[in-house]
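Here it is, the structure in full.
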Amino acid sequence: MTGPWTRTGEFRTRILRNGIFLVGGNGTAAMLAMATSAINARALSLAEFGQIALLQSAALLIAGLVTVSVQQPVIKLGVSALQRGQRREFEELVALGLIADIAGAIVAAAIGAATLVFLDYTRGLSAPTMTAGWIVAGSLLFQGYRTSEAIFRVFDRFAKLGALQIVAAAIGTLLAVVLWWHDAPFAIYGWLVGCQVALPAILQLVFALRLMRQNGLAIRWRRAALTKTQRSEFVAYCWTTSVVSALDSLRAYGDTSLVGGFLSVEAAGLYNVAKQFAGVFRKGAQVYNSVLFPEIATLAGEPTTVRARMVLRRAVTGSAIFTLIIGFAAALLGPWALALVFGSSFTEAADVTTLLCIAAGVQIISATFSMFVQVYVGPQHLVPAYLMALPAFIIAIFMLIPVYDLEAAGIAQIVFYGVLTLSLWRHLAQKMAIAGGDTC
């Protein structure tokens, strides 16, 4: 049989296989992270639990603002280089990525330390909070390293990537159990947060370098390997995806700080619990992106967009159905699940949990358009889309939080992804004939 879905069986099998590997890894890791939070909720007071949530979100916010997003250019250019047998090009791409990773980690740690000093000077942090803060700031030296993720994805080692995520999350959960069992002081919990921030990246980097050696590749800087055009494309991908990542980090991690600042530390703890539940589905968005992006990049090499449009329509339809299902399930089972896992005092977060689960579903829809825009239109077009969505998020949360308290943050998340999806659709519609036509 010929036509746009020739090789469909191979395409679907590869996506399904890699999706199962990453869903297993990310899903299990997310459940273990939720278990860690549940243990902390029982070991700490609500105020201390809120402080832990603020420490972790602040660390991830700083990391997200300065980490260079090198994984997409390494994947896109690296796959092409290996297909052409240009191993030296791939080695230089990995070297460039690691240089950017190291620089980003150093800057993140420096900003983390400076932020801690500033907060201590202006607000007079307690000694246990300062101790925990210094540990978390130091852990920023070892986070990021997105190049390692790209290496796993280029060599189709999704099973190993998922296994490493499970191992890192399991170590965090085990550490939380030990701290609870020994009734550890609050300052020691800085090591738990540091473990959650840095350990996944450390494990991925170690095994990614080993994977390179197994394939006869080394980390070498060969200035003659890449052309000027390839370097320019690498830089263009890096700066655009890094700006997008920074803007998204403000949305993803800045909300907890806003809730803590506008409401209370305890409210930040409640909101963090809701994010943990929705985080299971947000992990699904990351899996979805990791599995589908290399396949979309492959589709871009075809002479027509017939098959790409078919994939786009099916992916959006499936994501919309998934959003409805998880929203209904969260509304029905959320209060019971929160009471069971975290305790009855956390059922106040039931409504915002439902809203965040819906937002996670809309995130998957926006991720579909984001991947197609990167491949068919260009990564630089992501920036204006995020520059439209982020102000909408900020306006929504500032206007609604005095009225709706915690729920305002959940509504703002839905607003963000709704505006982002519409903006990305507009960019894509101008380039790809979604409803008809055969060419870009």
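Based on what the data block shows, is residue 106 in contact with a Leu (Cβ under 8 Å, 6 or more places away or on another chain) and not aromatic (Phe, Trp, Tyr)?
Here the answer is yes, as residue 106 does meet what is asked.
When you scan the range 174-182, do you find a residue that is part of a helix (DSSP H, G or I), closer than 30 Å to residue 237 by Cα and not acidic (Asp, Glu), even just one?
Looking for residues that are part of a helix (DSSP H, G or I), closer than 30 Å to residue 237 by Cα and not acidic (Asp, Glu), one finds none in the range 174-182, hence no.
Does the range 136-145 contain any residue that is crowded, with 18+ Cβ neighbours inside 10 Å and more than 18 Å from residue 55 (Cα to Cα)?
The answer is yes, given that some residue of the range 136-145 is crowded, with 18+ Cβ neighbours inside 10 Å and more than 18 Å from residue 55 (Cα to Cα).
Do you know which residues across the range 340-378 are surrounded by fewer than 21 Cβ atoms within 10 Å (Cβ to Cβ) and either in contact with a His (Cβ under 6 Å, 6 or more places away or on another chain) or under 17 Å from residue 317 (Cβ atoms) (or both)?
377
Any idea which of 398, 369 is assigned to a helix (DSSP H, G or I), modelled with pLDDT of 85 or more, aromatic (Phe, Trp, Tyr) and closer than 22 Å to residue 69 by Cα?
369
Every residue in the range 306-334 that is within 24 Å of the chain's Cα centre (by Cα), buried (at least 17 other Cβ atoms within 10 Å of the Cβ) and basic (Lys, Arg), please.
None; the set is empty.
From 279, 190, 261, grab the single residue that is assigned to a helix (DSSP H, G or I), at pLDDT 80 or above and at negative phi.
190
Might you let me know whether the range 10-20 holds any residue that is polar (S, T, N, Q), at pLDDT below 80, crowded, with 21+ Cβ neighbours inside 10 Å and part of a helix (DSSP H, G or I)?
yes
Can I ask one more? Restrict the check to the range 70-87 and report whether at least one residue is within 30 Å of residue 270 (Cα to Cα) and either in contact (Cβ under 8 Å) with a residue 24 or more places away in the chain or buried (at least 21 other Cβ atoms within 10 Å of the Cβ) (or both).
Within the range 70-87 (the criterion being within 30 Å of residue 270 (Cα to Cα) and either in contact (Cβ under 8 Å) with a residue 24 or more places away in the chain or buried (at least 21 other Cβ atoms within 10 Å of the Cβ) (or both)), the answer is no, since none of the residues qualifies.
To continue, here is another question. Pairs needed: first member in the range 102-124, touching a residue at least 40 places away in the same chain (Cβ under 8 Å); second member anywhere, part of a helix (DSSP H, G or I) and of a type in the set (Gly, Ala, Ser); C-beta distance under 6 Å; at least 6 residues apart or different chains.
The qualifying pairs are 108/63; 112/137.
Still on this structure, please answer the following. Taking the condition of being assigned to a helix (DSSP H, G or I) and either in contact with a helix residue (DSSP H, G or I) (Cβ under 6 Å, 6 or more places away or on another chain) or among the polar types (S, T, N, Q) (or both), how many residues in the range 313-347 meet it?
Qualifying residue count, the range 313-347: 19.
Also, I was wondering about something else. Looking at the structure I just gave you, is residue 304 of a type in the set (Ser, Thr, Tyr), modelled with pLDDT of 80 or more and over 20 Å from residue 412 (Cα atoms)?
Criteria not met by residue 304.
Does residue 220 satisfy the condition of being over 20 Å from the mean Cα position of the chain (by Cα), surrounded by fewer than 13 Cβ atoms within 10 Å (Cβ to Cβ) and assigned to a helix (DSSP H, G or I)?
No.
Go through (1) assigned to a helix (DSSP H, G or I); (2) surrounded by fewer than 21 Cβ atoms within 10 Å (Cβ to Cβ) one by one and return the number of the condition residue 256 breaks.
Of (1) assigned to a helix (DSSP H, G or I); (2) surrounded by fewer than 21 Cβ atoms within 10 Å (Cβ to Cβ), only one is false for residue 256: (2).
List pairs: first in the range 396-425 and on the phi > 0 side of the Ramachandran plot, second of a type outside the set (A, V, I, L, M) and not in a helix (DSSP H, G or I), Cβ under 9 Å, 6+ apart or cross-chain?
Cβ pairs passing all conditions: none.
Of the residues in the range 178-204, how many are small (Gly, Ala, Ser) and farther than 13 Å from residue 141 by Cα?
Summing the residues that are small (Gly, Ala, Ser) and farther than 13 Å from residue 141 by Cα in the range 178-204 gives 3.
The values are calculated or read from the model by the stated rules, or taken from the named source; none is laboratory data. Here the structure is a predicted model, which is why all the values come from computation and not from measurement. Quick reminder, even Gly has a Cβ in these numbers, built from the backbone with ideal geometry, and neighbours come from all protein chains shown.
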